[in-house]
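Worksheet: the structure to be examined is printed underneath.
Nothing in this text is a laboratory measurement; each read-out follows from the coordinates by a stated rule. Quantities reported herein were computed from a predicted structural model and do not represent experimental measurements. Backbone-built Cβ (ideal geometry, glycine too); neighbour counts: all protein chains shown.
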């Protein structure tokens, strides 16, 4: 398969859907919409939404069925970045090479733009279902899965644990417990959402679930390695910000080489999980490989 | 009807459901759960969840069907208070007679506890449906209605408009446009959620909708009057905080007496809307009357 052409096509689907979901709407203050759009259209790679489309194809089904949930995933991911960057949290002024939302729009609007994106995620998921021809019961299961991944025992819980771990002597169990919630849960939910939207059989859904969980951790390990080793020009963030904050990261407990090895082991688990799924899962294989290889 | 006994029973249903939804859960950091519980169990009147139960009864149906959505409404309402109180927003240190969440738990945890409550709202709504025996299509419609009321063109949009209006010369149209989104939308959504969960006919649903919209505004007018006129001992908030902030309020544009008159006119609209619904709508009548009368 021509992966570049494939990815370009999927990304275009996602961008068009996000654009549609974030069009002008009566009642939305223009400045709020501007802040939401600034956060969403900032050169993100759209990994989570594309993963949902890929998992839907591997179900197998038409990827468009997963599109409302793909948008929801990107909104949730974006809100979490906006809030993480706030002065009271990680206090980051640079993201993807641009000033962060609170630097441009002020703290109040950054909090509210994050709140709005989180809320709109569930609106888009609930309201887009009819167009995507997903059965209500299935859509409701996806809404539940997204909320669970994003909630107190998922993304938000992981961020709290991450803040609590700052400056604490880290170990692998702690690092995993943070990142399972902070990153892996939403990545896994993206794969799960796509699988459910595509009507995957129990066996295929379970294979995709195993892939999603391994990929979620691989993704975070690779991200930590990038933060520790790659220059700002490549990441759009400052190099070594994690170490500066005393963050619990994989390189901090395993060293850079150990973290790279862990990422490669997770890649093996990803590929093994979906080996039985054949050709429709090929994009998922390519993506997992890419995620791990960018960490070197 | 014995309204005191009725309300006590409904409140007990809501408290038990909230308690269940906010029990210890694997993966939720204890300090996060503590902050969420501090915010939720702080002596709130549970107006929105009880409204949802009342509307469900007026559908007519067993109130328990609306219980997952009742919890979701209270979580959304609570998150909005936690974020509104933040230093970057209204900077309030007192709510219901107690220090606000960020004063007790710090700013980062207050932001995250709000985020978690907002997310858990949708988890509870999506996952509680089976127990409440609500059809998935109907539950999905409610999730959409809650997200719309809470989102960029609803609650969050209203809060942005409210902050933008601080110190600006207010007029009635501006005040209404703010409060229609900031308060009335979620109150109306509470009534709508109950009506849909209870399987109301189109005619009953439309009557309940009209009631919800009028009650939402009546509620805010009464709240503004209370803020301007009632002592802290009665409201648990500092008297005159709105005026201090140059907030766009009903008393600011109509005077206290004009605002009280507006509240009574809205009460008439509430009662007219549900006049055809007979006895099952009696609690809704009593509630609307109580809301307006507490403003004097």
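With springs connecting C-alpha atoms under 10 Å apart, model chain B as a Gaussian network and identify which of B:203, B:35, B:262 has the largest mean-square fluctuation. Judging by the Gaussian network model, the answer is B:203. The mean number of Cβ atoms from other chains found within 10 Å of a Cβ in peptide B:176-185 is 1, as a whole number.
Most fluctuating residue of B:133, B:285, B:11 in a GNM of chain B with Cα springs under 10 Å: which is it? Fluctuation is largest for B:133.
In units of the compact-protein estimate 2.2 N^0.38 Å, region B:3-293 shows a Cα radius of gyration of 0.95.
Take each peptide in B:161-171, B:146-156, count the other Cβ atoms within 10 Å of every residue, and average; sorted highest first, the result is B:146-156, B:161-171.
On a per residue basis, the convex hull of the C-alpha atoms belonging to the protein assembly as shown measures out at 133 Å³. Remark: mean inter-chain Cβ contacts per residue of A:134-141 equal 5, using a 10 Å Cβ-Cβ cutoff to other protein chain atoms.
With distances taken between every two different alpha-carbon atoms, region A:45-96 has a Kirkwood hydrodynamic radius of 12.2 Å.
If you plug the beta carbon distance of residue A:269 and residue A:45 into 1/(1 + (r/R0)^6) with R0 = 30 Å, you get a FRET efficiency near 0.85. Region A:32-85 and region B:52-69 have Cα centres lying 34 Å from one another. Any idea what % of Cα-Cα pairs in region A:46-179 are farther than 26 Å? Tail fraction, whole percent: 33.
Using the Cβ-Cβ distance between residue A:256 and residue A:169 with R0 set to 22 Å, the FRET efficiency from 1/(1 + (r/R0)^6) comes to roughly 0.75. Percent of C-alpha pairs per 10 Å bin in region B:1-116, short distances first: 14, 42, 29, 14, 2. Full extension of the chain between residue A:64 and residue A:137 yields a length gain of 24.5 nm, computed as 0.36 nm times the residue separation minus the alpha carbon distance.
Modelled spin labels at residue B:37 and residue A:8, positioned 7 Å past Cα toward Cβ, are 5.5 nm from each other.
Taking every C-alpha pair closer than 8 Å and separated by at least 6 residues, the mean separation divided by the residue count of chain B gives a relative contact order of 21 percent. With a Förster radius of 41 Å applied to the beta-carbon distance between residue B:103 and residue B:1, the computed FRET efficiency rounds to 0.50.
Per residue, the average separation of C-alpha pairs within less than 8 Å and at least 6 apart gives region A:54-131 a relative contact order of 36 percent. For chain A, modelled as a GNM whose springs connect Cα atoms under 10 angstrom apart, the maximal fluctuation among A:102, A:77, A:179 occurs at A:102. Counting Cβ atoms of other protein chains within 10 Å of each residue's Cβ and taking the mean over peptide B:77-90 gives 3. Each stretch of four or more DSSP H residues adds -39500 (n - 2.57); spread over every residue of chain B, this sum gives -22500 deg cm²/dmol at 222 nm. Neighbour counts of other Cβ atoms within 10 Å put B:69, B:75 in the fewest-to-most order B:75, B:69.
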